[in-house]
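Working notes for the structure below.
The values are calculated or read from the model by the stated rules, or taken from the named source; none is laboratory data. This is a predicted model, so every value here is computed, not measured. Methodologically, a virtual Cβ is constructed for each residue, glycine included, from the backbone with ideal geometry; neighbour enumeration extends over all protein chains shown.
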Amino acid sequence: MNYLSMSGEELKEEREKLLSQFEKYKKKELKLDMSRGKPCVEQLDISEDMLKTISCNEDCFTKKGFDCRNYGLVDGLDSAKELFGEILGIAAGQIIVGGNSSLNLMYDAVTRCLLYGVVGGTGPWIKADSVKFLCPVPGYDRHFGICQSLGIEMVNVPMTKDGPDMDIVEELVKDKAVKGIWCVPKYSNPDGITYSDETVRRFANLKPASPDFRIFWDNAYCVHDLNDDGDVLLNILDECEKAKNPNLPFVFTSTSKITYPGSGVSVVGASKENIAQIKSIMQMQTIGHDKMNMLRHMKYFGSADGMKTYMKKHAEILRPKFELVLNELEKEFKDNEIAQWKSPKGGYFISFNVLSGCAKKTVQLAKDLGVVLTEAGATFPYKIDPNDTNIRIAPTFPPVSELKSAIEVLCLCTKLSCTEKLLEIS
Ligand code: PMP
């Protein structure tokens with residue numbers, strides 16, 4: 001049933017039907033939360049044995065004999081640098097393993113640029129008249145939060161099926177005030193898009209007007225495939241090296257959605273020069289991060305392959321949840337042009353685009369039925385979705401039974417807000 005080809009009378013009839021379903025759902029007094037992309041309890045339980053890897057003094061040493069209980073190693077354990085280096089395709093010497101949050105590393109990276117400037121740059125960005133960041137949209141709200149809190153102006157760049165629209169990026173970096181771009185290159189948050197090889201190469205070959213320009217390459221979902229045929233992302237550091245632009249990217253990841261969010265380990269990788277600069281400033285901030293936790297992770301995974309195998313357990317839990325949402329959307333909106341979505345091969349989200357002007361209303365109606373979704377607009381800088389169209393579906397946390405009710409509610413509320421919109425403009 002395509003709402004766009006319905007007459008006014010048909011739409012009114014449809015709205016009446018939807019309103020009576022809405023009233024039925026109201027009586028159910030649902031209390032469901034799909035607002036954030038958190039792992040579910042079963043996923044957290046997978047890592048239980050990691051907690052048992054250190055239970056006495058003797059367990060606290062690395063293979064090389066370093067006592068992890070003590071101060072030192074500001075850039076992390078060698079074994080952890082090697083493992084994450086292998087995961088990211090970066091030499092261990094160009095990796096720093098940090099604390100419990102890659103967002104923290106990203107925030108620090110931006111503030112370092114503002115206070116100290118970048119290798120080969122013009123000095124502290126804070127002295128510039130204006131600092132702008134390119135923000136592929138829809139994107140990750142906390143990236144936008146960093147910029148907003150630090151007074152960095154954000155410029156939207158539309159996403160294509162291959163990543164950010166590179167024609168626009170190449171044009172915008174001609175502005176000297178543009179000093180950075182946020183990228184989630186694999187299973188982007190929320191679209192689930194992996195950047196094509198051509199996109200990665202175009203990034204590596206960018207010729208920004210400002211020598212300060214940096215790519216903030218947040219590879220948070222690097223090992224988060226739902227199936228064995230996961231997307232393959234080209235190595236940005238290698239491509240930048242080839243393009244003689246080695247200092248362009250800062251690469252980030254963490255184990256937040258591998259082991260425990262908030263209690264995992266985070267990673268930054270970059271060129272040798274960039275890493276040297278980060279380390280020299282970082283050692284003023286800390287004598288070292290939580291090496292006991294790094295050691296727990298290393299003892300548990302053993303190797304990069306160990307970590308990849310372990311991710312299959314997550315995929316087994318998540319696959320049915322993604323399938324449920326996608327099947328439900330397909331069932332409800334197959335021939336209906338009021339909603340579009342993508343089917344990601346990994347990551348944590350499904351990006352759902354409703355008829356222009358209907359996202360906020362849809363999310364509000366769902367809230368009225370007790371289903372909390374990510375706030376509409378959150379996937380855009382300043383929380384302003386210019387078309388009011390994008391809703392981020394986070395299917396990982398609720399149990400399957402709750403997820404089913406939540407998606408039914410989302411579909412109903414989408415139909416209701418869209419019929420009302422169409423009646424308004426007809
Ligand atoms: N980057 C992206 C793209 C994310 O989606 C998330 C978590 N939702 C993070 C970073 C946060 O990572 P961390 O917990 O390591 O700070």
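Selection within region 271-303: residues that are among the small types (Gly, Ala, Ser) and crowded, with 17+ Cβ neighbours inside 10 Å. The member of this set that is nearest to the ligand (Cβ to nearest atom) is GLY288.
Of the residues making up region 85-115, those that are surrounded by fewer than 19 Cβ atoms within 10 Å (Cβ to Cβ), part of a helix (DSSP H, G or I) and more than 16 Å from the ligand (Cβ to nearest atom) number 5. For region 18-48, taking the residues that are closer than 30 Å to ASP141 by Cα and polar (S, T, N, Q), the one that is nearest to the ligand (Cβ to nearest atom) is identified as SER35.
Scanning region 202-214 for residues that are under 20 Å from ASP167 (Cα atoms) and either buried (at least 22 other Cβ atoms within 10 Å of the Cβ) or of a type in the set (Phe, Trp, Tyr) (or both) yields PHE203, ALA204, PRO208, PHE213, ARG214. Can SER188 be described as within 23 Å of VAL131 (Cβ to Cβ) and in contact (Cβ under 8 Å) with a residue 40 or more places away in the chain? Answer is no for this residue.
Taking the listed residues ASN353, ASN336, the one that is in contact with a helix residue (DSSP H, G or I) (Cβ under 9 Å, 6 or more places away or on another chain) and at pLDDT below 95 is ASN336, with no other qualifying. Determine, yes or no, whether GLY89 is under 20 Å from the mean Cα position of the chain (by Cα), in contact (Cβ under 8 Å) with a residue 60 or more places away in the chain and at positive phi. Answer is yes for this residue.
Screening the candidates GLY192, GLY145 for the property of being under 23 Å from SER254 (Cβ atoms), outside the structural domain of ARG319 (by TED's automatic domain parsing), buried (at least 24 other Cβ atoms within 10 Å of the Cβ) and within 14 Å of the ligand (Cβ to nearest atom) yields one hit, GLY192. Could you run through region 273-300 and say how many residues are among the hydrophobic types (A, V, I, L, M, F, W, C) and more than 18 Å from GLY99 (Cβ to Cβ)? The total comes to 1.
Restricting to region 391-409, name every residue that is within 24 Å of the chain's Cα centre (by Cα) and either charged (D, E, K, R) or closer than 20 Å to VAL354 by Cβ (or both). Result: ILE391, ARG392, ILE393, ALA394, PRO395, GLU402, LEU403, LYS404, ALA406, ILE407. Residues that are of a type outside the set (Lys, Arg) and more than 19 Å from SER79 (Cα to Cα) were ranked within region 256-270; the one that is farthest from the ligand (Cβ to nearest atom) is TYR260. Taken over region 342-392, the criterion of being in a helix (DSSP H, G or I) and within 16 Å of the ligand (Cβ to nearest atom) is satisfied by PRO381 alone. Can you name the residue in region 229-264 that is assigned to a loop (DSSP other than H, G, I, E, B) and touching a Gly at 6+ places or on another chain (Cβ under 7 Å) and, of all such residues, is surrounded by the fewest Cβ atoms within 10 Å (Cβ to Cβ)? Filtering region 229-264 for residues that are assigned to a loop (DSSP other than H, G, I, E, B) and touching a Gly at 6+ places or on another chain (Cβ under 7 Å), the one surrounded by the fewest Cβ atoms within 10 Å (Cβ to Cβ) comes out as ASN235. The numbered conditions (1) in a loop (DSSP other than H, G, I, E, B); (2) within 16 Å of the ligand (Cβ to nearest atom); (3) under 21 Å from the mean Cα position of the chain (by Cα) are all true for PHE322 except (1).
Check region 373-380 and report whether any residue there is touching a residue at least 40 places away in the same chain (Cβ under 8 Å) and either out of contact with any helix residue (DSSP H, G or I) (no Cβ under 9 Å at 6 or more places or on another chain) or more than 19 Å from ASP191 (Cβ to Cβ) (or both). Within region 373-380, not a single residue is touching a residue at least 40 places away in the same chain (Cβ under 8 Å) and either out of contact with any helix residue (DSSP H, G or I) (no Cβ under 9 Å at 6 or more places or on another chain) or more than 19 Å from ASP191 (Cβ to Cβ) (or both). Each residue in region 342-373 was checked for being farther than 25 Å from LYS161 by Cβ and either in contact with a Gly (Cβ under 6 Å, 6 or more places away or on another chain) or of a type in the set (Asp, Glu) (or both), and 1 pass.
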